[in-house]
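Colleague: The structure that follows is given in the form of structure tokens.
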Amino acid sequence: MSYSPQTPRRVLTAAFSLLVLVGLGACDRLTGDAADKPAEQATPDAKADATPDAKADATPAESDAKVADTRMKEPPLPSAEELATQRAALLAALNEGRKLVKAKDYAAGIAKYEEALKINPAHGTTLSELGWALFLKGDHERAEKALRDALHHVHAPKTRGALLYNLGRALEELKQPEEAARAYKDSLELRPNKVVQKRLATLEAATDSAEQAAAVQAAELKRCAFKRWEGVAPARLCEAYLAEELKGPEAGRYECNEEDLVALEIAVAAGEENPTETMETKRTLEVDSTTRATTFDFKDYEYMMETQVLVIEMGPKWFSFDFAHPSHPGVGGVDEYVTDIKLEARQLVPGGRPELLFHWTYAGHDSDMEVNEMESFDNDYVGVISLEGEAPTWLAVVHLKQSFEVSELLDEPEMEFEHSENFGSKTEKAVRVNWLAETGELEVTRSGKDGALGPLGTFKLGDYPKRCGPTWE
């Protein structure tokens, strides 16, 4: 199974009723040295707390829909006793799974990993090892899914780099060389590694032809394409989106975010009845009389996911692109969210219509109860979208900043913990973008104290190596 930015993510889970009992984030180190052997997982280090955006903090109303919305809220952390009990059960299943996989009894090992995930479906280490066990067993579709799910909960740069390498291996087996190469490149951005570099070089050499180059470009354009909707955009965008995209008996598990709505301004003549629809999706930016842009989000209560959608209205048509899928697993100490969304029209290419600048932040936190640590991550992006022609087109997405911090989770002086080597650390990789509007170029330079993200240099808009969809989740 393959995923794209237009596909709502499905988190691997079995028992959400247990979620509020445990906040065991990434609990244990995986065997092997990920820096030298990327296929052998290492643990995500712990995560520092962060504050969700206003939507996550909104007070639920008394309606059933708003009461249900509390399921997406992060619950308080369990007590020390509860954590100890749940941690022991999870680690027992995880370690037994490791023994079985090492003995090449993959089916039994996978069953043990799934048993551990019933205790905590948000445990990044278990998801990572499950994905690799499925890969070794030859079940590459399920391996891809488990590894993608793990990316929601693995944010330590070195460990995430190893995980992306494993995902690339699965994608190769699924005959997706373009996506595999993208995974390897993103892995190398997080930490240099000779094994990954060799794998990427071998893959690129095998596809080094004009025909393959065209196939790579076509795949990227397809991945970055906006969905086209005929007709003038409706007042309530989310409801129209769900009615068309997510039909069938499962449609009821999705819910639009009412905070995206504002009162609809309608003039009613004397003698006319008031309209039945009184609310509409707030339009964030009006580029001109025919072009507007905004975002909305909806929740999936079965898989505890949120989908963030960018919408651009262009005359009698409108276009959508799913740009993020944060996870809200309902586990104490674990959450993701999108915040700081900004839309701006600016002339970045000489002549023609202005381009659309789109800023957003993808952030969150995860917990590691084994070492009593919290890991926080924060990723800032800026995208450029052309409004020329009949449809909007992504020209570039630049990863502006990636910060990662590890701090103490619980103040429990009576509990003894051996902290990880990352405890107390804070890293930041960042770049600065200079828009060269006279030539239609962007200049990307390093600005972070711990390095840069993505390619540096001067590029024509449209030729920057990263066009869209910066996240894998």
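The values are calculated or read from the model by the stated rules, or taken from the named source; none is laboratory data. Remember, it's a predicted structure, so these values are computed and weren't measured experimentally. Cβ: placed from backbone, ideal geometry, glycine included. Neighbour counts: every protein chain shown.
Colleague: Considering the range 455-470 alone, what residues qualify as being modelled with pLDDT under 95 and buried (at least 19 other Cβ atoms within 10 Å of the Cβ)?
Modeller: Hits for the range 455-470 are Tyr464, Lys466, Arg467, Cys468, Gly469, Pro470.
A quick yes/no check of all residues on (1) without any contact (Cβ under 8 Å) to a residue 60 or more places away in the chain; (2) among the charged types (D, E, K, R); (3) surrounded by fewer than 23 Cβ atoms within 10 Å (Cβ to Cβ):
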position: His140; (1), (2), (3): yes, no, yes
position: Ala150; (1), (2), (3): yes, no, no
position: His153; (1), (2), (3): no, no, no
position: Tyr165; (1), (2), (3): no, no, no
position: Glu178; (1), (2), (3): yes, yes, yes
position: Ala181; (1), (2), (3): yes, no, yes
position: Pro192; (1), (2), (3): yes, no, yes
position: Lys198; (1), (2), (3): yes, yes, yes
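Colleague: For Leu264, state whether it is at pLDDT below 90 and assigned by TED's automatic domain parsing to the domain that holds Val331.
Modeller: Taking the combined requirement at face value, the residue satisfies it.
Colleague: Pick from Glu179, Glu204: which is more than 27 Å from Lys102 (Cβ to Cβ), charged (D, E, K, R), outside the structural domain of Gly364 (by TED's automatic domain parsing) and in contact with a Leu (Cβ under 6 Å, 6 or more places away or on another chain)?
Modeller: Glu179
Colleague: If you take the residues in the range 156-201 that are of a type in the set (Asp, Glu) and farther than 20 Å from Leu456 by Cβ, which one is nearest to the chain's Cα centre (by Cα)?
Modeller: Here the answer is Glu179.
Colleague: Say whether the condition of being within 30 Å of Gly231 (Cα to Cα), touching a Cys at 6+ places or on another chain (Cβ under 7 Å) and of a type in the set (Val, Ile, Thr) is met by at least one residue in the range 390-397.
Modeller: Looking for residues that are within 30 Å of Gly231 (Cα to Cα), touching a Cys at 6+ places or on another chain (Cβ under 7 Å) and of a type in the set (Val, Ile, Thr), one finds at least one in the range 390-397, hence yes.
Colleague: What do you reckon, is Arg432 among the basic types (Lys, Arg) and either touching a Lys or Arg at 6+ places or on another chain (Cβ under 6 Å) or under 22 Å from Glu355 (Cα atoms) (or both)?
Modeller: yes
Colleague: Still on this structure, please answer the following. Suppose we keep only residues that are β-branched (Val, Ile, Thr) and at pLDDT 85 or above within the range 73-125. Which one would you say is surrounded by the most Cβ atoms within 10 Å (Cβ to Cβ)?
Modeller: Thr125
Colleague: Filter the range 131-156 for residues that are part of a loop (DSSP other than H, G, I, E, B) and under 17 Å from Tyr106 (Cα atoms) and give the result.
Modeller: Residues satisfying the conditions are Gly138, Asp139.
Colleague: Among the residues of the range 351-358, is any in contact (Cβ under 8 Å) with a residue 12 or more places away in the chain, within 19 Å of Arg432 (Cα to Cα) and surrounded by fewer than 23 Cβ atoms within 10 Å (Cβ to Cβ)?
Modeller: Scanning the range 351-358, I find at least one residue that is in contact (Cβ under 8 Å) with a residue 12 or more places away in the chain, within 19 Å of Arg432 (Cα to Cα) and surrounded by fewer than 23 Cβ atoms within 10 Å (Cβ to Cβ), so the answer is yes.
Colleague: Please identify the pairs in which a residue from the range 76-96 that is in the same structural domain as Ala116 (by TED's automatic domain parsing) has its Cβ atom under 6 Å from the Cβ atom of a residue that is among the basic types (Lys, Arg), counting only partners at least 6 apart or on another chain.
Modeller: Ala93/Lys112; Glu96/Lys112
Colleague: Any idea which of (1) modelled with pLDDT of 95 or more; (2) over 27 Å from Thr307 (Cβ atoms); (3) part of a helix (DSSP H, G or I) is the one Gly168 doesn't satisfy?
Modeller: Result: Gly168 passes all but (2).
Colleague: If I filter the range 202-214 for residues that are part of a helix (DSSP H, G or I) and within 21 Å of Gly451 (Cα to Cα), do I get at least one hit?
Modeller: No: the range 202-214 contains no residue that is part of a helix (DSSP H, G or I) and within 21 Å of Gly451 (Cα to Cα).
Every residue, every condition in (1) assigned by TED's automatic domain parsing to the domain that holds Thr85; (2) under 18 Å from the mean Cα position of the chain (by Cα); (3) closer than 23 Å to His325 by Cβ, yes or no:
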{"residue": "Gly109", "(1), (2), (3)": "yes, no, no"}
{"residue": "Glu114", "(1), (2), (3)": "yes, no, yes"}
{"residue": "Ile119", "(1), (2), (3)": "yes, no, no"}
{"residue": "Thr125", "(1), (2), (3)": "yes, yes, yes"}
{"residue": "Ala133", "(1), (2), (3)": "yes, no, no"}
{"residue": "Glu141", "(1), (2), (3)": "yes, no, yes"}
{"residue": "Leu147", "(1), (2), (3)": "yes, yes, yes"}
{"residue": "Ala150", "(1), (2), (3)": "yes, yes, yes"}
{"residue": "Val154", "(1), (2), (3)": "yes, yes, yes"}
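Colleague: Looking only at the range 295-315, which residues are modelled with pLDDT of 95 or more and within 17 Å of Gly231 (Cβ to Cβ)?
Modeller: Answer for the range 295-315, where residues must be modelled with pLDDT of 95 or more and within 17 Å of Gly231 (Cβ to Cβ): Val311, Ile312, Glu313, Met314.
Colleague: Consider Asp139 carefully, then state whether it is acidic (Asp, Glu) and under 21 Å from Gln402 (Cα atoms).
Modeller: No: the conditions fail for Asp139.
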